[in-house]
1. Please compute the net charge surrounding L316, taking Lys and Arg as +1 and Asp and Glu as -1 over other residues with Cβ under 9 Å from its Cβ.
2. How many nm separate the modelled label positions at A408 and A477, each set 7 Å beyond the Cα in the direction of the Cβ?
3. Take the alpha carbon atoms of segment 75-151, find their center, do the same for segment 192-206, and report the distance between the two centers in whole angstrom.
4. Of all accessible surface on segment 463-555 at a 1.4 Å probe, what whole percent is carbon and sulfur?
5. Put a dot 7 Å past each Cα toward the Cβ at L487 and V463; how far apart are the dots in nm?
6. Over segment 77-169, what percent of the accessible surface lies on carbon and sulfur atoms, probe 1.4 Å?
7. Could you work out the Rg to Rh ratio of segment 463-555, with Rh taken as the Kirkwood radius (inverse of the mean 1/r over all Cα pairs)?
8. For every other residue with a beta carbon closer than 14 angstrom to the beta carbon of A253, add +1 if it is Lys or Arg and -1 if Asp or Glu, then tell me the sum.
Amino acid sequence: MSGVPQRTLLLWCPDWPVLAAEIVDGVPATDPVVVLHANRVIACSERARAEGIRRGLRRREAQGRCPHLTVVDHDPGRDVRAFEPVVAAVEEVVAGVEVIRPGACATAARGPSRYLGGEEAAAERIVEHVAQSCAVESQVGIADGVFAAGLAAREGRIVAPGGTREFLAARPVEALGRPALADLLRRLGVRTLGDFAALPAGDVLARFGFDGALAHRLAGGRDDRPLAVRQPPADLTVTADYDEPIDRVDAAAFAARTLAERLHERLAGYGLACTRLGIEAVTAHGQELHRVWRHDGLLTAAAIADRVRWQLDGWLSGSNGRGGTRPARPTAGIVRLRLVPDGVLAQAGLQPGLWGETGEERERAHRALSRVQGILGPEAVVTAVLGGGRSPADQVRLVPWGDERVPARPGPPPLPPAAAPPAPAPASVVVPPGGRAGRRAGRGRAAPEPPWPGRIPPPSPAVVLPTPLPADVRDAAGEPVVVSARLAVSAAPARLTVGDGRPAEITGWAGPWPVDERWWAPAEARRRARFQVCLADGAALLLAVEGGQWLVEAIYD
């Protein structure tokens with residue numbers, strides 16, 4: 001793994017997940033907008049950053065800093081569909097474009113610089129063409145290697161040949177994009193890429209493993225991919241011909257899954273794993289489409305299928321970005337699909353799935369869980385199903401494994417497989433001091449839901465108590481807080497005591513949200529009001545007052 005990294009030109013579109021939400025869903029990117037994944041901010045708009053929001057913040061903290069924040073769920077398919085016109089625009093200027101991820105693509109710098117009269121001229125030409133064709137702002141960075149070019153693109157900088165090591169030396173270790181490694185390095189006193197690159201390579205490999213050794217090479221300005229990749233055998237390519245042209249996204253998704261599994265099995269037979277994937281398609285009118293996807297790790301069967309599906313969705317959706325004038329949708333359906341493993345590595349050290357190889361784990365898990373049910377009964381293994389309701393406890397139904405997953409009450413429609421998370425991810429909310437301003441928390445959900453008057457606004461609490469805990473809420477003067485029949489609060493809540501615990505100061509609250517259920521059946525009627533409160537220690541709780549008694553129903557993360 002030695003040699004000189006290839007001179008690389010990388011185009012980067014800032015805040016791409018936010019911009020993709022504007023292009024596809026119409027979310028104004030000029031407003032405070034965040035994109036969330038696993039309850040954390042992964043992208044935010046410029047106005048959101050002006051409000052103090054940064055990547056990595058939890059949803060509750062982000063909404064606490066900016067109550068009028070617009071929240072958008074992460075959707076990789078949406079990001080790819082919106083980015084396809086940008087890649088097509090770059091290909092109109094240069095050849096051999098590789099998609100690093102949605103919002104970033106790269107190509108060798110030598111050809112464009114020689115043809116367009118220098119690296120600076122090539123960068124200006126590409127940025128200008130993307131702006132005119134797609135109405136998208138972008139930046140270009142040029143350096144030795146993809147990693148350094150990506151960092152240079154964030155500054156719109158062209159690093160002189162041979163100066164990549166010095167350019168990287170002063171960067172913090174967080175620039176590697178490996179949070180766990182960066183945290184460990186800082187605790188060891190290694191704060192910059194220069195400090196990390198100065199460590200002996202053998203010691204880094206022994207201490208941090210293979211991934212740490214790759215990060216060490218990147219910190220030293222040595223791009224590992226062109227040196228590690230070798231040309232694969234010609235027979236690894238998989239091709240599928242279709243009698244009926246594919247012109248729908250759902251049919252393309254099925255074709256992508258089948259072809260990806262064939263490619264993965266063929267690579268596994270040679271002990272190889274794909275790192276760079278070429279996707280080729282031919283339409284019924286003879287139009288040829290081609291795109292190359294690059295990945296920092298080893299592409300599994302699921303990862304290959306996702307990229308093929310995203311790419312086919314981008315081709316078939318016909319999206320032209322903002323202000324695009326050229327038709328991006330093919331003139332006919334796809335009759336031939338071809339996957340070319342353009343870069344492969346030996347599969348040594350590639351860890352399989354939790355229950356075996358891809359395609360086997362679901363069947364093995366099903367057999368194991370069914371056996372547990374046979375021994376302990378059907379209720380021994382249950383899964384949660386989200387539905388509708390006014391209280392968090394009403395919105396989740398536990399269904400025995402293998403039974404039909406139907407919610408107890410009608411609720412939001414299920415997410416498509418591409419966007420659905422593996423499990424319901426409860427979120428949390430921070431209510432700013434002052435009370436009712438917290439009603440805005442949780443806005444930004446695009447999915448329509450059946451009306452449930454009196455329901456708690458999203459996000460949902462992380463823990464719903466099986467038995468509510470008795471509590472006591474008092475105002476600043478020490479008097480009990482009372483809610484009248486007309487939902488008038490006697491005073492602002494100031495202190496909360498749960499059970500026999502010590503009083504805690506309430507720093508923010510929102511409510512009341514009234515619920516008057518089954519009033520037509522006196523024996524089953526129930527009337528209560530709920531509040532969200534934030535305590536001085538950072539905890540957030542869902543309280544309910546019923547018949548003059550305060551209860552703690554749930555806890556926010």
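The values are calculated or read from the model by the stated rules, or taken from the named source; none is laboratory data. Owing to the predicted nature of the structure, the values given are computational and were not obtained by experimental measurement. Because the Cβ atoms are built from the backbone with ideal geometry, glycine has one as well, and the counts that use them run over all protein chains shown. All accessible areas refer to the heavy atoms of the entire protein, side chains included, with ligands and DNA or RNA removed. Shrake-Rupley method; radii C 1.70, N 1.55, O 1.52, S 1.80 Å.
1. The answer is 0.
2. Using points 7 Å along Cα→Cβ, the separation is 4.2 nm.
3. 31 Å
4. Ligands and nucleic acids excluded, carbon and sulfur reach 57 percent.
5. Once both label points are built, they end up 3.0 nm from each other.
6. The nonpolar share, carbon plus sulfur, comes to 48 percent.
7. 0.97
8. 0
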